[in-house]
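Right, one structure below, let's go through it.
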Amino acid sequence: MANTPHGGSLKDLIARDLPRQAELLAEAEKLYSIVLNERQLCDLELLLNGGFSPLEGFMNKADYESVLDNVRLANGLVWSMPITLDLSEKQISDGKLQAGSRVALRNPQNDGILAILTVQDVYTPDKKREAIAIFGADDVAHPAVHYLHNVAKDHYVGGSLEAISLPAHYDYVETRYTPAELRAYFKKLNWTRVVAFQTRNPMHRAHRELTVRAARSRQCNVLIHPVVGMTKPGDIDHFTRVRVYKAILRKYPQGMAALSLLPLAMRMGGPREALWHAIIRKNFGCTHFIVGRDHAGPGKNSQGKDFYGPYDAQDLVAKYKDELDIEVVPFQMVAYVPETDEYIPADEVPEGVKTLNISGTELRRRLRTGAPIPDWFTYPEVQIILRESHPPRSKQGFTVFFTGYWNSGAAEVAQALQMSLNQGGQRPTTLLLGETIRSELSSELGFSKRDRDLNISRIAFVAGEITKSGGAVIAAPIAPYEAARNEARKVVEKAGAFFLVHVATPLDDCIKRDRSGTYERAKQGLIKGFTGIDDPYEAPEKPDIRVDASKMPVSQIVHEIILLLEKEGYIGER
Ligand code: PPS
């Protein structure tokens with residue numbers, strides 16, 4: 001038998017409201033509607049499918065206050081995390097929202113209607129108080145406190161939900177189970193004791209070992225229950241992680257473990273989050289839950305100290321143990337002992353015995369540089385998956401972005417650089433010369449500041465997409481404005497490396513070298529707003545390379561760029 005849901009019954013609003021679906025949808029189409037953000041969408045999904053039982057809607061003021069002050073709902077049931085719907089003043093006045101209003105909630109991905117909320121109350125939270133009560137400090141270094149102050153709107157709207165539809169998913173659909181589905185799955189498998197493992201990271205040998213140890217100690221089956229909603233910014237994307245979990249699953253004895261994805265928006269709330277996670281797992285039918293060291297820890301605060309102690313989460317769940325009805329299995333990380341080639345709990349390592357570990361930072365470094373990752377740390381299958389989505393720099397894309405006066409020599413250098421890179425043949429190379437872009441992408445644009453900025457942002461968009469796909473981009477517009485260049489860097493750096501090369505050939509030399517008479521026509525006013533003549537050029541403050549094509553031959557400039565790319569690991573050994 002799967003565990004009893006928190007509060008006694010599963011609040012599967014989808015199942016409850018299914019008979020009225022058509023009627024609710026017809027009503028919702030006429031109501032004022034709110035398009036949820038990504039976090040609200042995650043919360044809604046778990047409210048609708050019963051993952052947040054006994055909640056049947058977003059918290060009203062009484063429940064919210066009680067959760068803040070007492071770690072309980074107003075009815076006394078243990079609950080640790082506010083589940084609130086934050087709205088702006090404008091949304092509240094546009095929708096004339098007050099007790100009794102009915103509002104449609106829409107999916108931001110496709111605008112589809114998911115639910116109707118019947119408003120109980122509209123209230124204004126004291127965000128500082130919430131930050132301190134829930135996360136322990138009003139410090140925006142904490143991602144959820146940052147969210148609270150910078151993303152969450154000013155008012156909360158409490159109310160009950162009627163379900164119309166769950167958000168559709170298109171990835172790993174076969175591994176997404178609602179609480180009801182997971183309970184049915186456990187029943188089918190005859191699993192009566194299930195220990196859930198929460199994770200937002202790839203799993204390695206150590207995690208396999210600690211989950212098997214937990215299962216052994218409590219005679220359980222294992223549910224790998226990773227969060228695929230929202231995790232800590234900077235985490236490895238869930239697409240990669242799920243491939244890893246699927247590979248890890250094959251490392252458990254046949255029939256011991258299962259995988260289900262949890263569309264939760266984590267808050268990184270340490271102790272309170274651990275309690276919340278335990279309640280959620282109870283709702284998914286699990287009887288046991290592993291709470292590790294520094295569970296859902298957000299890292300360092302703005303003073304450089306950890307927000308929570310390593311065992312705060314375990315201590316808080318222990319405090320509510322009698323009311324939780326899910327057995328928490330506290331676990332320290334296991335450590336690898338090379339001498340015996342085994343993993344044992346870190347606190348059981350005898351004194352003087354050497355252990356090995358690879359930190360997350362060190363793993364990322366090895367992935368970035370292509371340095372070997374030992375088999376004792378992770379399975380070869382996992383390593384292959386991680387390397388596919390984190391290719392070493394020699395396989396990543398990059399953009400070399402030139403800027404300089406017209407006729408500075410940048411175009412010649414750009415073309416020569418393309419030849420040189422093509423000769424190496426490590427990746428496809430795209431040359432985006434000013435004239436090509438002007439004729440292919442920006443033919444309707446002129447040379448006002450606005451048009452030039454738009455031109456550069458189009459180049460940046462294309463460069464970013466190609467860089468993301470592993471190509472090399474060489475772009476050579478005039479790009480006279482620092483802000484537009486900085487913006488281009490930001491866009492491209494989301495996808496890979498960006499190198500700014502300033503071809504700082506003095507204007508006089510650019511004019512002297514001009515055999516087409518373009519500068520002459522600009523001087524005569526036949527071309528208006530020409531860069532350097534009657535339009536500004538802002539030299540970049542911090543280019544990665546600055547060269548003067550009137551003093552250095554093209555081949556030497558190219559070589560300087562090649563040396564930089566080699567030093568940064570983008571070209572060279574393959
Ligand atoms: S920008 O500022 O980066 O958007 O400029 P860019 O796209 O590189 O455009 C440079 C080409 O446009 C011709 N041209 C002008 N340049 C600067 N100012 C004005 N007013 C202007 N009018 C036309 C310039 O000669 C470059 O042409 P190509 O064909 O590339 O040599």
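Restricting segment 449-461 to residues that are more than 29 Å from the chain's Cα centre (by Cα) and open to solvent by 60 Å² or more (accessible area, probe 1.4 Å), the residue that is nearest to the ligand (Cβ to nearest atom) is K449. Consider segment 407-421 and keep the residues that are touching a strand residue (DSSP E or B) at 6+ places or on another chain (Cβ under 6 Å) and at negative phi. The one that is farthest from the ligand (Cβ to nearest atom) is L421.
Of the residues making up segment 227-241, those that are out of contact with any helix residue (DSSP H, G or I) (no Cβ under 7 Å at 6 or more places or on another chain) and either open to solvent by less than 10 Å² (accessible area, probe 1.4 Å) or under 25 Å from S53 (Cβ atoms) (or both) number 4. Scanning segment 100-136 for residues that are open to solvent by 30 Å² or more (accessible area, probe 1.4 Å) and more than 19 Å from S66 (Cβ to Cβ) yields G100, R102, R106, P108, Q109, N110, D111, T118. Does T399 count as open to solvent by less than 20 Å² (accessible area, probe 1.4 Å) and within 11 Å of the ligand (Cβ to nearest atom)? Spelling it out, it is not the case that T399 is open to solvent by less than 20 Å² (accessible area, probe 1.4 Å) and within 11 Å of the ligand (Cβ to nearest atom). When V558, V473 are checked against the criterion of being within 16 Å of the ligand (Cβ to nearest atom), closer than 26 Å to N422 by Cβ and among the aliphatic types (A, V, I, L, M), a single residue qualifies: V473.
Only residues that are more than 12 Å from the ligand (Cβ to nearest atom), more than 23 Å from F398 (Cβ to Cβ) and in contact (Cβ under 8 Å) with a residue 60 or more places away in the chain were counted across segment 518-555, and they come to 1. Consider A414 carefully, then state whether it is touching a residue at least 60 places away in the same chain (Cβ under 8 Å), in contact with a Leu (Cβ under 8 Å, 6 or more places away or on another chain) and among the aliphatic types (A, V, I, L, M). The answer is yes for A414.
Does T505 satisfy being more than 24 Å from Y570 (Cβ to Cβ), more than 12 Å from the ligand (Cβ to nearest atom) and among the polar types (S, T, N, Q)? Against the criterion (more than 24 Å from Y570 (Cβ to Cβ), more than 12 Å from the ligand (Cβ to nearest atom) and among the polar types (S, T, N, Q)), T505 qualifies. Looking at segment 422-441, is at least one residue within 16 Å of the ligand (Cβ to nearest atom), in a loop (DSSP other than H, G, I, E, B), among the hydroxyl-bearing types (S, T, Y) and under 28 Å from E541 (Cα atoms)? The answer is no, given that none of the residues of segment 422-441 is within 16 Å of the ligand (Cβ to nearest atom), in a loop (DSSP other than H, G, I, E, B), among the hydroxyl-bearing types (S, T, Y) and under 28 Å from E541 (Cα atoms). Please go through (1) under 23 Å from the mean Cα position of the chain (by Cα); (2) open to solvent by 10 Å² or more (accessible area, probe 1.4 Å); (3) under 22 Å from R72 (Cβ atoms) for R293 and return the number of the only condition it doesn't satisfy. Evaluating R293 over (1) under 23 Å from the mean Cα position of the chain (by Cα); (2) open to solvent by 10 Å² or more (accessible area, probe 1.4 Å); (3) under 22 Å from R72 (Cβ atoms) leaves (3) as the failure.
Just checking, which of R489, R515 is free of Cβ contacts under 8 Å to residues at least 12 places away in the same chain, within 16 Å of the ligand (Cβ to nearest atom) and open to solvent by 20 Å² or more (accessible area, probe 1.4 Å)? Can you show your working first?
Details: R489 fails: free of Cβ contacts under 8 Å to residues at least 12 places away in the same chain.
Going through R489, R515 in turn, the sole match is R515.
The values are calculated or read from the model by the stated rules, or taken from the named source; none is laboratory data. Since the structure is predicted, the reported quantities are computational estimates derived from the model, not experimental observations. Counting neighbours? That spans all protein chains shown, and the Cβs are built from the backbone with ideal geometry, glycine included. SASA here: full protein model, heavy atoms, side chains in, ligands and nucleic acids out. Shrake-Rupley method; radii C 1.70, N 1.55, O 1.52, S 1.80 Å.
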